[in-house]
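To start, the structure itself, in structure tokens.
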Amino acid sequence: MSQLPIANSKLVRSHARTLIRQHRPELLRMLSLYAVAAVMALIPAWVIGEITGLATSHKLTSQRIDLYVGLLFTSSLAYAGLSFLARRRSYILGEKVFAQLREEFLASVLALPLIEVERAGTGDLLSRTTNDIEAMSRTVRFAVPEWLVALVQTILTFIAMILVSPLAAVASLVSIPFLYLSTRRYLHFATPGYMRERISYATLSGTVAETAEGARTVDAQRLASRQETRVNHNIRESFYSEMYTLLMRLIWFPIVESAFALAVAATLGWSGWLALNHHISIAAATTVTLYVVQINDPIDRIVSWLDELQIGQTSLARLVGVSAVHDDRPTEGVEPTNETITVSDVYYSYRSGHDVLRGITLTIQPGERLAIVGPTGAGKSTLGRLLAGIDAPRAGSITVGDVALSSMPLTMLRRHVALVTQEHHIFIGTVGENLALAKPEASDEEILRALDAVDAMEWVNALPDGLLSQLGTTGFQLTPAQAQQLALARLVMTDPHTLVLDEATALIDPRAARHLEHSLSAVLEGRTVIAIAHRLHTAHDADRVCVLIDGRIAELGTHEELVALHGEYASLWRSWRSEGADEV
Ligand code: ADP
């Protein structure tokens with residue numbers, strides 16, 4: 001199963017740049033506040049340096065002490081207040097950016113072509129909507145603001161050191177090569193590790209979700225131990241990829257810590273020597289050494305948040321990757337001039353080299369009822385999907401009124417052809433909202449007319465709030481038949497001239513099915529209907545029957561013609577009749 005794409009670093013960077021551009025004024029305000037706070041944090045070390053200088057030269061008076069203590073006190077208070085304000089701003093900004101990212105991601109998930117989702121499986125998408133969004137939230141809410149703050153503090157502290165004594169400050173640079181080289185090596189080795197970690201989580205949640213979703217099949221086919229082995233394998237993969245990144249951190253962290261200690265020792269020794277030889281004052285030596293101790297904290301945060309930023313970057317790449325899947329469907333197209341559907345020499349394969357449809361040619365006239373029959377695996381559902389324009393043929397073409405289905409924008413396509421299957425999803429929301437999905441601009445009257453057309457008015461009226469009643473898991477629970485009626489009412493609203501029915505009534509008990517067929521026939525009235533027939537009486541009632549065997553059309557004609565032919569259809573029909581068939 002192929003995964004959805006992962007954005008390359010160029011795309012991720014341009015996405016991040018756009019985000020920054022959109023929030024630049026807020027970002028600058030927040031950073032300026034942090035900068036002022038950082039300046040406040042620089043005052044104590046300078047004061048201590050001054051006091052030390054004065055004390056060693058015996059010039060310390062009680063007024064001076066009062067002044068310095070007052071300065072210490074005020075700067076600490078100002079630092080606390082400003083940091084609070086800045087932090088508040090950064091959290092608000094973080095939430096805003098995160099909300100925006102989440103909304104953009106949701107929009108791209110909803111815009112994904114159905115076929116891509118099916119190809120990638122739900123596990124990958126599930127992991128992106130959970131694990132990656134979660135990781136992204138930590139990055140945007142904490143890592144990025146903390147990192148930027150630490151960067152501002154580092155730069156300002158370094159500037160302060162230079163202002164106090166450029167000569168003494170030089171010694172602090174000894175840590176730079178160690179930090180730079182070790183961090184570069186770390187990122188080089190750790191980045192693919194983090195990527196592997198995220199992919200392993202996705203695979204694991206995919207396997208678990210698929211096992212849970214297909215629990216019955218797993219049970220029936222005795223696949224439990226196979227699935228267990230698979231889950232164990234996925235866990236092992238996750239474990240080893242986590243161990244790998246842990247090992248990388250285990251090597252890298254001690255190097256970083258040693259580099260800090262080295263910087264402090266070097267500055268203390270060097271500035272001490274300079275002070276003893278009267279190149280700089282004791283005060284300057286003290287202040288610069290204290291600044292080196294102080295700068296270690298933001299540098300430490302810069303490097304330790306790199307980890308989280310890495311994870312955030314890989315997650316962002318996976319989130320942005322979804323938007324890189326382009327729906328190759330055009331947004332504009334020419335409107336077909338008639339309603340005839342023409343299938344010419346269509347081939348289709350799920351895997352290359354294995355065609356499941358082979359050379360299908362067929363013309364369906366407006367208003368015709370065509371039944372497609374054939375053994376399981378013959379390609380009926382596949383042909384149904386192609387006729388509904390969900391997928392495009394590998395070779396050949398399917399057109400409506402001379403316009404290829406694949407070249408029509410989705411909204412236009414749905415006004416012409418729609419697929420009706422047995423899967424009906426009720427969305428959380430009101431009855432009205434569930435129907436308006438088909439046509440957002442529909443009026444209440446239009447919605448009521450559609451409900452009336454499918455015989456659903458009676459139960460909708462009986463709901464406590466009529467059209468405004470809440471449905472879905474948290475609201476009113478519909479029966480499968482009612483859910484199907486809503487799906488049919490949606491169809492009435494979209495009003496396509498051609499319907500492809502795939503086992504549309506198979507899941508419902510016979511009595512409800514009869515009732516539904518009544519609603520269905522109201523919907524089918526006057527439209528072209530292509531029915532994938534699982535019960536042969538549908539074929540019996542159709543204008544023409546198309547018998548599909550092994551991806552090819554074996555027979556095509558009316559029920560009577562095909563029975564008279566004594567071929568495949570005739571024998572299917574005989575065996576179906578002799579089995580006592582259900583209700584003909
Ligand atoms: P029918 O509806 O007549 O039972 P289908 O159209 O479902 O037949 O399937 C036709 C062939 O295509 C079968 O061999 C089936 O295994 C294969 N097939 C169907 N869906 C997929 C898929 N998503 N991926 C790969 N092969 C598929």
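The values are calculated or read from the model by the stated rules, or taken from the named source; none is laboratory data. Quantities reported herein were computed from a predicted structural model and do not represent experimental measurements. So basically every Cβ, Gly included, is an ideal-geometry build from the backbone, and we count neighbours across all protein chains shown. Protein only, heavy atoms only, side chains kept; ligands, DNA and RNA dropped before computing areas. Shrake-Rupley method; radii C 1.70, N 1.55, O 1.52, S 1.80 Å.
Points worth noting:
- Whole-percent P(r), the stretch 1-107, all Cα pairs, 10 Å bins from 0: 12, 27, 20, 16, 12, 8, 3, 1.
- The mean of 1/r over all pairs of different alpha-carbon atoms in the stretch 137-201, once inverted, gives a Kirkwood hydrodynamic radius of 14.6 Å.
- Label sites at Thr122 and Gln221, each approximated as a point 7 angstrom past Cα along Cα to Cβ, lie 1.6 nm apart.
- 14 Å beta-carbon shell around Gly333, net charge (K/R +1, D/E -1): -2
- For the chain, the membrane-span-like helices by this rule, meaning whole DSSP H stretches whose C-alpha atoms cover at least 27 Å of axis and whose Kyte-Doolittle mean is 1.6 or above, are 144-164; this says nothing about an actual membrane.
- The stretch 1-70-the stretch 354-395 distance, computed between alpha-carbon centres (Å): 66 Å
- Counting every C-alpha pair in the stretch 361-402, the share spaced more than 12 angstrom apart comes to 67%.
- Accessible area per residue in Å² at 1.4 Å probe, computed on the chain: 52 Å²
- Taking 37 °C and 0.692 mPa s as conditions, the chain diffuses translationally at an estimated 110 µm²/s according to Stokes-Einstein applied to its Kirkwood radius (Cα pairs).
- Placing a label point 7 Å from the Cα of Phe427 along the Cα-to-Cβ direction, the residues of the stretch 447-478 whose backbone N falls under 13 Å of that point are 471-472.
- Area accessible to solvent at Phe476, 1.4 Å probe radius, in Å²: 90 Å²
- Summed residue charge, Cβ within 9 Å of Ile549's Cβ, Lys/Arg positive, Asp/Glu negative: -2
- Residue-averaged [θ]222 nm for the chain, counting only DSSP H segments that reach four residues, each worth -39500 (n - 2.57): -21500 deg cm²/dmol
- Separation of the Thr411 and His279 label points, Cα + 7 Å toward Cβ, nm: 7.4 nm
- In loop segments of the stretch 1-63 as defined by DSSP, the trypsin sites (Lys or Arg not before Pro) with at most 16 further C-beta atoms inside 10 Å of their C-beta are Lys59.
- Rounded to 0.05, the FRET efficiency of the Thr479 and Leu565 pair, given R0 = 51 Å and the Cβ-Cβ distance, is 0.75.
- Of the GluC sites (Glu not before Pro) found in the stretch 412-503, those in coil by DSSP whose Cβ has at most 12 other Cβ atoms within 10 Å are Glu423, Glu441.
- Bridges between two residues of the chain, per DSSP, are antiparallel at a rate of about 55%.
- Accessible surface ranking that places the most exposed of Thr538, Thr399, Thr56 first, with a 1.4 angstrom probe: Thr56, Thr538, Thr399
- Pairwise Cα inverse-distance average, inverted: Kirkwood Rh of the stretch 231-387 (Å): 24.1 Å
- C-alpha center-to-center spacing [the stretch 227-264, the stretch 315-350] in angstrom: 43 Å
- Note: relative contact order over the stretch 246-327, using C-alpha pairs below 8 Å and six or more positions apart, is 23 percent.
- Test item: Cα-centred dipole of the chain, Lys/Arg +1 and Asp/Glu -1 on Cβ, debye: 3020 debye
- R0 of 22 Å, Cβ-Cβ distance Glu525-Glu332: FRET efficiency to nearest 0.05: 0.10
- Cut-off 14 Å between beta-carbons: net charge of the residues surrounding Thr558, Lys and Arg +1, Asp and Glu -1: -4
- Inter-label distance, nm, simple model (7 Å from Cα along the C-beta direction), Val293/Glu134: 4.1 nm
- Ranked by the mean number of other Cβ atoms within 10 Å per residue, highest first, peptides 335-344, 246-255, 376-385 order as 376-385, 335-344, 246-255.
- The slack between His58 and Ala80, meaning 0.36 nm per residue of separation minus the straight C-alpha distance, is 4.6 nm.
- Portion, in percent, of the accessible area of the chain that falls on carbon or sulfur, probe 1.4 Å: 61 percent
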